[in-house]
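The values are calculated or read from the model by the stated rules, or taken from the named source; none is laboratory data. All of these numbers come straight from a predicted model, not from anything done at the bench. Cβ coordinates were reconstructed from backbone atoms using ideal geometry, including for glycine residues, and neighbour counts include every protein chain displayed. Remember, those area values only see protein heavy atoms, side chains included, never the ligands or the DNA or RNA. Shrake-Rupley method; radii C 1.70, N 1.55, O 1.52, S 1.80 Å.
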Amino acid sequence: MPDKIQQLEQLARKLEPSPEQRNAWNAQVQAYADDFLNQIENLNAYDEPPEDGRLNLAIEEEGKPMERLLAEVRAKVDRAGINPASGKHLGYVPGGGVFPGALGDYLAAATNRYSGIFFANPGAVRIENELIRWMCRLVGYPEGSLGNLASGGSIANLIAITTARDFRGIKAARVEKAVVYLTPQAHHCVQKALRIAGMGEAVIRYIPTDSRFRMDISCLRKQLEEDQAQGLEPFLVVGSAGTTDTGAVDPLDEIATLAGQFGLWFHVDAAYGGFFLLVDEWREKFRGIERSDSVAIDPHKGLFLPYGLGAVLIKNVKAQYEAHYYKANYMQDAEADWEEASPADLSPELTKHFRGMRMWLPLQLFGLRPFRAALEEKVMLCRHFYQKVQKAGFEVGPEPELSIMIFRYRPTQGDITRFNEHLVEYVRRDGRVFLSSTTIDGEYWIRLAVMSFRTHKREIGLCLDILRAGVRQLLGQGPVAG
Ligand SMILES: *Cc1c(COP(=O)(O)O)cnc(C)c1O
């Protein structure tokens, strides 16, 4: 028996590499990351996946050398599909991933602190709660508000909706009478969250939008009155502070007033747009956000952090707690009146990655100034593109409110959707920049989303050049690209 234990120990100790081994691995991984980042300006924003993209390395009894693994990652992961680190990624909602974010993750994983319970890791929880309070102040919430650092905007929205459901006492029997108000432009993760929260049968009212895709407030009022008269229960209104399609900001202040009159929970989805609040000049666009009950805001978009960090901010922490706390005998040591709330009591997670570190480190190292500048730059770049693309003969949607806009080419003959589908395909095959498309009211549009800290004037210029060349080729006027 003792021999067996010793044998096992010898093998198990392989899990603790020697300092020399650690150094070697560190150096290899760092060299890989350096190589990637040193080349980032030249890497494509999109690469067609290799013919056979399947990974060759099975999980086996014996370990493999780091070189082989990194070679596989380079070939099969980092050169296939969208390159979200590229400043030429102008589709969906990019962010880029500031480097100290990676260092924060490294530190959090190396020390293996987790940020679920204050009693267990007071420093980690303090950092996370401080970050949440900082964001609460950013949106204008009062002292005592809190929320949670989740993995992204989808979970942030889910936590808000779950809190709203319990706060308003919507039990199963009442779900079919509960009414949710949003625009057709609201992010689909809201409906997903409602379904996950057991509210899939709630009544959803899609409130029409104005010419700039913002919620039409008189339609909202009319719908609320009708629903109330019908004996339904107006429950939740979701306003967008920066929609994914066009960056539209709903009239938050007016929505807040109606939410007050009709007793609705007012949630703002600011996953994409929230951090534009850092630019003083634009705070006015978001007027009324401070009157909401909850906000979703994504540091992995607006603070350019690597993916994996979305925040929910909630005014009524007690309601958030009551929707998420849990008790277990094996957790009895953690139950007391601690100075800081524990994230595990305010979200679905218990043991969780100390993700605050990836946000705290960049904010502390850089300070806020470069973030503000980058955000202002993104909006200006989008406006610049808006002007230039029209000069290149494109049709545009509404003037961009933030850093997302829609546009398309209208050929004098032939199908406009087909033409623009081909144009997006042309851009994708070229690969240097990446653009995505959308359909609004049945109309096909190309989207430009400027949200990577690595996107500057040169990247926008390249995008315009590629679009012009694409149009020429599709019209049969230009050289056929290889
Ligand atoms: C990105 C986004 C979401 C979803 O957030 P994830 O971080 O992708 O889960 C929700 N709402 C809006 C407006 C978004 O832009």
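Only a single criterion out of (1) in contact (Cβ under 8 Å) with a residue 40 or more places away in the chain; (2) over 17 Å from residue 140 (Cβ atoms) is not satisfied by residue 263, namely (1). Set side by side, the residues 303, 361, 309, 365 differ, and just one is within 16 Å of the ligand (Cβ to nearest atom) and either over 30 Å from residue 235 (Cα atoms) or open to solvent by 80 Å² or more (accessible area, probe 1.4 Å) (or both), which is 303. Note on the range 106-138: among residues that are of a type in the set (Val, Ile, Thr) and more than 29 Å from residue 236 (Cα to Cα), the one that is nearest to the ligand (Cβ to nearest atom) is 127. Between 218, 151, which is open to solvent by 40 Å² or more (accessible area, probe 1.4 Å), within 23 Å of the chain's Cα centre (by Cα) and in the same structural domain as residue 316 (by TED's automatic domain parsing)? Checking each option against the conditions leaves just 151. Would you confirm whether any residue within the range 101-123 is surrounded by fewer than 21 Cβ atoms within 10 Å (Cβ to Cβ), closer than 23 Å to residue 283 by Cα, of a type outside the set (Ser, Thr, Tyr) and at pLDDT 95 or above? No, there is no match, as no residue in the range 101-123 is surrounded by fewer than 21 Cβ atoms within 10 Å (Cβ to Cβ), closer than 23 Å to residue 283 by Cα, of a type outside the set (Ser, Thr, Tyr) and at pLDDT 95 or above. Just a yes or no: is a residue in the range 165-185 open to solvent by less than 40 Å² (accessible area, probe 1.4 Å), acidic (Asp, Glu) and either farther than 21 Å from residue 273 by Cβ or within 16 Å of the ligand (Cβ to nearest atom) (or both)? No, every residue in the range 165-185 fails to be open to solvent by less than 40 Å² (accessible area, probe 1.4 Å), acidic (Asp, Glu) and either farther than 21 Å from residue 273 by Cβ or within 16 Å of the ligand (Cβ to nearest atom) (or both). Here is the figure for the range 235-276: residues that are away from the ligand (no atom under 14 Å from the Cβ) and buried (at least 24 other Cβ atoms within 10 Å of the Cβ) total 8.
I need a count of the residues in the range 1-18 that are outside any loop (DSSP other than H, G, I, E, B), within 23 Å of residue 63 (Cβ to Cβ) and either open to solvent by 100 Å² or more (accessible area, probe 1.4 Å) or in the same structural domain as residue 453 (by TED's automatic domain parsing) (or both). Counting residues in the range 1-18 that are outside any loop (DSSP other than H, G, I, E, B), within 23 Å of residue 63 (Cβ to Cβ) and either open to solvent by 100 Å² or more (accessible area, probe 1.4 Å) or in the same structural domain as residue 453 (by TED's automatic domain parsing) (or both) gives 8. Criterion first (outside any helix (DSSP H, G or I), touching a strand residue (DSSP E or B) at 6+ places or on another chain (Cβ under 9 Å) and either open to solvent by 20 Å² or more (accessible area, probe 1.4 Å) or not assigned by TED's automatic domain parsing to the domain that holds residue 452 (or both)) does residue 57 satisfy it? Criteria not met by residue 57. Taking each residue of the range 35-52 that is among the charged types (D, E, K, R) and looking for partners that are open to solvent by 40 Å² or more (accessible area, probe 1.4 Å) with beta-carbon atoms closer than 6 Å, six or more apart or interchain, yields 47/79. Taking the range 186-195 as the range and being more than 13 Å from the ligand (Cβ to nearest atom) and open to solvent by 10 Å² or more (accessible area, probe 1.4 Å) as the test, only 195 passes.
Just the residues that are away from the ligand (no atom under 16 Å from the Cβ) and either in contact with a Ser or Thr (Cβ under 9 Å, 6 or more places away or on another chain) or assigned by TED's automatic domain parsing to the domain that holds residue 403 (or both), please, taken from the range 84-101.
Of all residues in the range 84-101, those away from the ligand (no atom under 16 Å from the Cβ) come to 85-88, 98-100.
Residues satisfying the conditions are 85, 86, 87, 88.
Of the listed requirements (1) open to solvent by less than 80 Å² (accessible area, probe 1.4 Å); (2) within 22 Å of residue 242 (Cβ to Cβ); (3) touching a residue at least 12 places away in the same chain (Cβ under 8 Å), residue 373 misses just one: (3). In the range 154-163, the residue that is surrounded by the most Cβ atoms within 10 Å (Cβ to Cβ) out of those that are within 16 Å of the ligand (Cβ to nearest atom) and more than 13 Å from residue 298 (Cα to Cα) is 160.
Identify the residue in the range 139-148 that is of a type outside the set (Ser, Thr, Tyr) and away from the ligand (no atom under 16 Å from the Cβ) and, among all such residues, is surrounded by the most Cβ atoms within 10 Å (Cβ to Cβ).
Once the filter is applied, the top-ranked residue is 146.
Residues in the range 205-242 that are β-branched (Val, Ile, Thr) and more than 20 Å from residue 176 (Cα to Cα): 2 in all.
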